[in-house]
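Written out below as C-alpha coordinates is the structure these notes cover.
The values are calculated or read from the model by the stated rules, or taken from the named source; none is laboratory data. What you see is a predicted model; the values in this text were computed from it and never measured. Cβ atoms come from the backbone with ideal geometry, glycine included; neighbour counts cover every protein chain shown. In case anyone asks, the SASA skips ligands and DNA or RNA and just uses the protein heavy atoms, side chains included. Shrake-Rupley method; radii C 1.70, N 1.55, O 1.52, S 1.80 Å.
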Amino acid sequence: MAWNPDQYNLFSDHRLRPALDLLSQVPLISPYVIYDLGCGTGNVTALLSQHWNEAIVTGIDSSAEMLATARSNHPSLEWKQADIANFSPTSKGNLIFSNAALHWLDNHETVFPKLLEQLRPGGVLAVQMPNNFSAPSHQNLYDLAESPEWVDKLGPLVRPAPVHNINWYFEFLSPLVEKINIWETTYYQVLKGRDAVLEWTRGTALRPFLEALDTAEAEVFEGQYAERLLESYPVRQDDSTLYPFSRLFIVVQLPEN
Ligand SMILES: C[S@@+](CC[C@H](N)C(=O)[O-])C[C@H]1O[C@@H](n2cnc3c(N)ncnc32)[C@H](O)[C@@H]1O
(Lines give C-alpha, C1' and ligand atoms only; values in the text may rest on other atoms or scores of the structure.)
Protein backbone atom coordinates (compact mmCIF):
# COMPACT_ATOMS: atom_id res chain seq x y z
CA MET A 1 0.00 0.00 0.00
CA ALA A 2 1.15 3.58 -0.64
CA TRP A 3 1.92 5.64 2.47
CA ASN A 4 1.68 9.41 2.85
CA PRO A 5 4.52 10.60 5.12
CA ASP A 6 2.91 14.01 5.79
CA GLN A 7 -0.44 12.49 6.81
CA TYR A 8 1.31 9.93 9.02
CA ASN A 9 3.37 12.62 10.75
CA LEU A 10 0.33 14.80 11.58
CA PHE A 11 0.28 13.07 14.96
CA SER A 12 4.00 12.52 15.34
CA ASP A 13 3.98 13.49 19.04
CA HIS A 14 1.38 10.83 19.92
CA ARG A 15 3.05 8.28 17.65
CA LEU A 16 6.51 8.92 19.11
CA ARG A 17 5.61 8.41 22.76
CA PRO A 18 5.22 4.60 22.61
CA ALA A 19 8.53 4.36 20.73
CA LEU A 20 10.23 6.20 23.60
CA ASP A 21 8.51 3.94 26.14
CA LEU A 22 9.79 0.91 24.21
CA LEU A 23 13.31 2.33 23.92
CA SER A 24 13.43 2.93 27.68
CA GLN A 25 13.08 -0.82 28.26
CA VAL A 26 15.86 -2.07 25.96
CA PRO A 27 18.36 -3.74 28.32
CA LEU A 28 21.50 -3.07 26.24
CA ILE A 29 24.34 -0.64 27.01
CA SER A 30 26.05 -0.36 23.65
CA PRO A 31 24.48 -2.39 20.84
CA TYR A 32 26.66 -2.09 17.74
CA VAL A 33 24.39 -3.32 14.94
CA ILE A 34 20.83 -2.00 15.10
CA TYR A 35 17.94 -2.49 12.69
CA ASP A 36 14.74 -0.46 12.77
CA LEU A 37 12.13 -2.55 10.96
CA GLY A 38 9.24 -0.66 9.36
CA CYS A 39 11.16 2.57 10.01
CA GLY A 40 8.69 4.77 8.12
CA THR A 41 9.89 8.38 7.92
CA GLY A 42 12.87 7.53 10.12
CA ASN A 43 12.04 9.65 13.20
CA VAL A 44 12.52 6.68 15.51
CA THR A 45 15.58 5.42 13.60
CA ALA A 46 17.21 8.81 14.20
CA LEU A 47 16.42 8.57 17.91
CA LEU A 48 18.05 5.13 18.08
CA SER A 49 21.11 6.55 16.36
CA GLN A 50 21.27 9.49 18.79
CA HIS A 51 20.81 7.17 21.77
CA TRP A 52 23.63 4.84 20.67
CA ASN A 53 25.79 7.13 18.56
CA GLU A 54 28.55 4.55 18.03
CA ALA A 55 26.14 2.05 16.51
CA ILE A 56 25.51 1.23 12.86
CA VAL A 57 21.78 1.87 12.54
CA THR A 58 19.82 0.80 9.46
CA GLY A 59 16.20 1.70 8.80
CA ILE A 60 14.27 -0.83 6.72
CA ASP A 61 10.89 -0.25 5.12
CA SER A 62 8.93 -1.51 2.14
CA SER A 63 7.51 1.92 1.27
CA ALA A 64 9.46 4.03 -1.23
CA GLU A 65 7.48 7.13 -0.15
CA MET A 66 8.33 6.73 3.55
CA LEU A 67 11.99 5.98 2.80
CA ALA A 68 12.30 9.04 0.55
CA THR A 69 11.28 11.24 3.50
CA ALA A 70 13.57 9.30 5.85
CA ARG A 71 16.54 9.74 3.49
CA SER A 72 15.92 13.42 2.98
CA ASN A 73 15.46 14.15 6.73
CA HIS A 74 18.36 11.97 7.89
CA PRO A 75 20.85 11.59 5.02
CA SER A 76 23.67 10.29 7.24
CA LEU A 77 21.78 7.12 8.28
CA GLU A 78 21.51 3.84 6.36
CA TRP A 79 18.18 3.12 4.64
CA LYS A 80 17.09 0.02 2.83
CA GLN A 81 13.89 -0.87 0.96
CA ALA A 82 12.91 -4.42 1.88
CA ASP A 83 10.06 -6.55 3.17
CA ILE A 84 10.30 -7.43 6.88
CA ALA A 85 8.94 -10.89 6.03
CA ASN A 86 12.22 -11.60 4.19
CA PHE A 87 14.55 -9.80 6.62
CA SER A 88 17.85 -11.66 6.58
CA PRO A 89 20.76 -9.21 6.93
CA THR A 90 24.36 -10.21 6.19
CA SER A 91 25.35 -8.86 9.61
CA LYS A 92 23.14 -10.07 12.47
CA GLY A 93 21.81 -7.48 14.91
CA ASN A 94 22.46 -6.72 18.56
CA LEU A 95 19.12 -4.95 18.53
CA ILE A 96 16.12 -5.32 16.25
CA PHE A 97 13.64 -2.55 17.02
CA SER A 98 10.20 -2.29 15.45
CA ASN A 99 7.72 0.42 16.38
CA ALA A 100 4.17 0.18 14.99
CA ALA A 101 5.02 -2.00 12.01
CA LEU A 102 4.73 -5.75 12.69
CA HIS A 103 0.92 -5.57 12.83
CA TRP A 104 1.06 -5.07 9.06
CA LEU A 105 2.39 -8.64 8.77
CA ASP A 106 0.29 -11.78 9.25
CA ASN A 107 1.47 -15.10 10.72
CA HIS A 108 3.33 -13.88 13.78
CA GLU A 109 4.07 -17.51 14.68
CA THR A 110 6.44 -17.45 11.67
CA VAL A 111 7.54 -13.79 11.76
CA PHE A 112 8.80 -13.66 15.37
CA PRO A 113 11.06 -16.78 15.31
CA LYS A 114 12.55 -15.60 11.99
CA LEU A 115 13.41 -12.24 13.54
CA LEU A 116 15.00 -13.92 16.57
CA GLU A 117 17.24 -15.85 14.15
CA GLN A 118 18.63 -12.52 12.89
CA LEU A 119 20.00 -11.60 16.34
CA ARG A 120 23.48 -12.22 17.76
CA PRO A 121 23.84 -13.98 21.13
CA GLY A 122 22.53 -11.66 23.86
CA GLY A 123 20.62 -9.71 21.21
CA VAL A 124 17.31 -7.99 21.84
CA LEU A 125 14.09 -7.84 19.84
CA ALA A 126 11.97 -4.84 20.90
CA VAL A 127 8.49 -4.53 19.39
CA GLN A 128 5.52 -2.22 19.83
CA MET A 129 2.27 -2.92 17.99
CA PRO A 130 -1.13 -1.23 18.11
CA ASN A 131 -3.67 -3.53 19.71
CA ASN A 132 -6.89 -1.67 19.05
CA PHE A 133 -8.41 -3.63 16.19
CA SER A 134 -11.71 -3.99 18.03
CA ALA A 135 -11.83 -0.31 19.01
CA PRO A 136 -14.61 1.76 17.35
CA SER A 137 -12.03 3.53 15.12
CA HIS A 138 -11.26 0.22 13.45
CA GLN A 139 -14.47 -1.75 14.01
CA ASN A 140 -16.55 1.01 12.34
CA LEU A 141 -14.24 0.82 9.34
CA TYR A 142 -14.53 -2.96 9.04
CA ASP A 143 -18.32 -2.95 9.61
CA LEU A 144 -18.79 -0.33 6.91
CA ALA A 145 -16.49 -2.17 4.49
CA GLU A 146 -18.58 -5.32 5.02
CA SER A 147 -21.93 -3.54 4.65
CA PRO A 148 -23.96 -4.44 1.51
CA GLU A 149 -23.01 -1.18 -0.27
CA TRP A 150 -19.24 -1.79 -0.04
CA VAL A 151 -18.67 -5.47 0.58
CA ASP A 152 -17.86 -6.38 -3.04
CA LYS A 153 -15.03 -3.89 -3.30
CA LEU A 154 -13.87 -3.58 0.30
CA GLY A 155 -14.91 -6.79 2.09
CA PRO A 156 -11.75 -8.68 1.02
CA LEU A 157 -9.58 -5.97 2.62
CA VAL A 158 -10.88 -6.69 6.11
CA ARG A 159 -8.16 -8.81 7.75
CA PRO A 160 -8.56 -10.90 10.87
CA ALA A 161 -6.88 -9.01 13.76
CA PRO A 162 -3.16 -9.58 13.11
CA VAL A 163 -2.06 -9.08 16.73
CA HIS A 164 -2.65 -11.92 19.21
CA ASN A 165 -3.41 -11.33 22.86
CA ILE A 166 -0.59 -10.72 25.31
CA ASN A 167 -0.75 -14.24 26.76
CA TRP A 168 -0.19 -15.71 23.32
CA TYR A 169 3.10 -13.79 22.87
CA PHE A 170 4.21 -14.65 26.41
CA GLU A 171 3.56 -18.40 25.97
CA PHE A 172 4.96 -18.48 22.44
CA LEU A 173 8.15 -16.47 23.01
CA SER A 174 9.15 -17.53 26.55
CA PRO A 175 10.67 -20.88 25.47
CA LEU A 176 12.64 -19.17 22.66
CA VAL A 177 14.39 -16.48 24.71
CA GLU A 178 16.21 -15.93 27.99
CA LYS A 179 14.36 -12.83 29.19
CA ILE A 180 10.93 -11.47 28.38
CA ASN A 181 9.37 -8.13 29.29
CA ILE A 182 5.84 -7.74 27.98
CA TRP A 183 3.16 -5.18 28.72
CA GLU A 184 0.14 -3.33 27.37
CA THR A 185 -0.73 0.36 27.70
CA THR A 186 -3.77 2.36 26.72
CA TYR A 187 -2.82 5.92 25.78
CA TYR A 188 -5.71 8.35 26.24
CA GLN A 189 -4.82 10.62 23.37
CA VAL A 190 -6.33 14.10 23.27
CA LEU A 191 -6.64 15.05 19.60
CA LYS A 192 -7.60 18.50 18.34
CA GLY A 193 -9.92 19.59 15.54
CA ARG A 194 -12.98 18.21 13.78
CA ASP A 195 -12.78 14.66 12.45
CA ALA A 196 -9.60 14.13 14.46
CA VAL A 197 -9.92 10.34 14.60
CA LEU A 198 -10.60 10.27 10.86
CA GLU A 199 -7.40 12.28 10.32
CA TRP A 200 -5.56 9.72 12.45
CA THR A 201 -6.79 6.69 10.52
CA ARG A 202 -6.25 8.46 7.19
CA GLY A 203 -2.55 8.04 7.95
CA THR A 204 -2.83 4.29 8.62
CA ALA A 205 -5.81 1.89 8.75
CA LEU A 206 -8.08 3.74 6.32
CA ARG A 207 -5.46 3.98 3.57
CA PRO A 208 -5.90 0.55 1.92
CA PHE A 209 -9.69 1.02 1.78
CA LEU A 210 -9.52 4.41 0.07
CA GLU A 211 -6.91 3.12 -2.38
CA ALA A 212 -9.34 0.43 -3.55
CA LEU A 213 -11.97 3.02 -4.57
CA ASP A 214 -12.13 5.73 -7.22
CA THR A 215 -12.12 9.34 -6.05
CA ALA A 216 -15.92 9.78 -5.95
CA GLU A 217 -16.50 6.47 -4.16
CA ALA A 218 -13.70 7.21 -1.68
CA GLU A 219 -15.36 10.51 -0.78
CA VAL A 220 -18.70 8.80 -0.08
CA PHE A 221 -17.10 5.99 1.90
CA GLU A 222 -15.02 8.39 3.95
CA GLY A 223 -18.08 10.55 4.68
CA GLN A 224 -20.05 7.56 5.99
CA TYR A 225 -17.07 6.44 8.09
CA ALA A 226 -16.61 9.99 9.46
CA GLU A 227 -20.25 10.04 10.65
CA ARG A 228 -19.80 6.78 12.53
CA LEU A 229 -16.57 8.04 14.10
CA LEU A 230 -18.21 11.22 15.35
CA GLU A 231 -20.84 9.10 17.12
CA SER A 232 -18.18 6.90 18.73
CA TYR A 233 -15.79 9.72 19.55
CA PRO A 234 -17.82 12.91 20.18
CA VAL A 235 -16.00 16.22 19.82
CA ARG A 236 -15.90 18.13 23.12
CA GLN A 237 -16.86 21.80 23.42
CA ASP A 238 -13.22 22.84 23.42
CA ASP A 239 -12.78 21.07 20.04
CA SER A 240 -10.84 18.16 21.53
CA THR A 241 -11.55 14.43 21.08
CA LEU A 242 -10.43 11.71 23.45
CA TYR A 243 -9.09 8.78 21.44
CA PRO A 244 -8.02 5.82 23.62
CA PHE A 245 -5.41 3.69 21.88
CA SER A 246 -4.08 0.37 23.20
CA ARG A 247 -0.58 -0.81 22.38
CA LEU A 248 1.28 -4.04 23.08
CA PHE A 249 5.00 -4.03 23.93
CA ILE A 250 7.43 -6.95 23.78
CA VAL A 251 11.13 -6.85 24.68
CA VAL A 252 12.92 -10.22 24.54
CA GLN A 253 16.58 -11.08 24.89
CA LEU A 254 18.51 -14.14 23.71
CA PRO A 255 21.01 -15.89 25.97
CA GLU A 256 24.66 -14.76 25.65
CA ASN A 257 25.73 -18.14 24.27
C1 LIG B 1 2.84 2.98 11.13
S2 LIG B 1 4.32 3.14 10.25
C3 LIG B 1 5.55 3.18 11.56
C4 LIG B 1 6.78 3.90 11.18
C5 LIG B 1 7.86 4.05 12.24
N6 LIG B 1 8.30 2.78 12.78
C7 LIG B 1 7.43 4.96 13.35
O8 LIG B 1 7.34 4.52 14.50
O9 LIG B 1 7.17 6.15 13.08
C10 LIG B 1 4.48 1.48 9.63
C11 LIG B 1 5.59 1.32 8.63
O12 LIG B 1 5.78 -0.07 8.42
C13 LIG B 1 6.08 -0.27 7.05
N14 LIG B 1 5.76 -1.67 6.69
C15 LIG B 1 4.56 -2.28 6.75
N16 LIG B 1 4.67 -3.55 6.35
C17 LIG B 1 5.98 -3.75 6.03
C18 LIG B 1 6.72 -4.86 5.56
N19 LIG B 1 6.13 -6.05 5.34
N20 LIG B 1 8.03 -4.72 5.34
C21 LIG B 1 8.64 -3.51 5.55
N22 LIG B 1 7.99 -2.43 6.01
C23 LIG B 1 6.67 -2.54 6.25
C24 LIG B 1 5.22 0.74 6.32
O25 LIG B 1 5.69 1.00 5.03
C26 LIG B 1 5.30 1.93 7.27
O27 LIG B 1 6.31 2.83 6.91
Q) Which of the peptides 129-142, 34-47 is most tightly packed, and how do the rest follow, going by the mean number of other Cβ atoms within 10 Å of each residue? A) 34-47, 129-142
Q.
How large is the convex hull of the C-alpha atoms of the chain per residue, in Å³?
A. 127
Q) So which residue, out of Gly193, Gly203, Gly123, gets the largest mean-square fluctuation from a GNM of the chain using Cα contacts under 10 Å as springs? A) Gly193
Q) Got a number for carbon plus sulfur as a percent of the chain's accessible area, 1.4 Å probe? A) 49
Q: Would you mind working out the accessible area per residue for segment 5-253, using a 1.4 Å probe, and quoting it in Å²?
A: 47
Q. Of all DSSP beta bridges in segment 5-253, what percent run antiparallel (nearest 5)?
A. 55
Q: Would you calculate the volume per residue, in Å³, of the smallest convex hull containing every Cα atom of segment 179-241?
A: 114
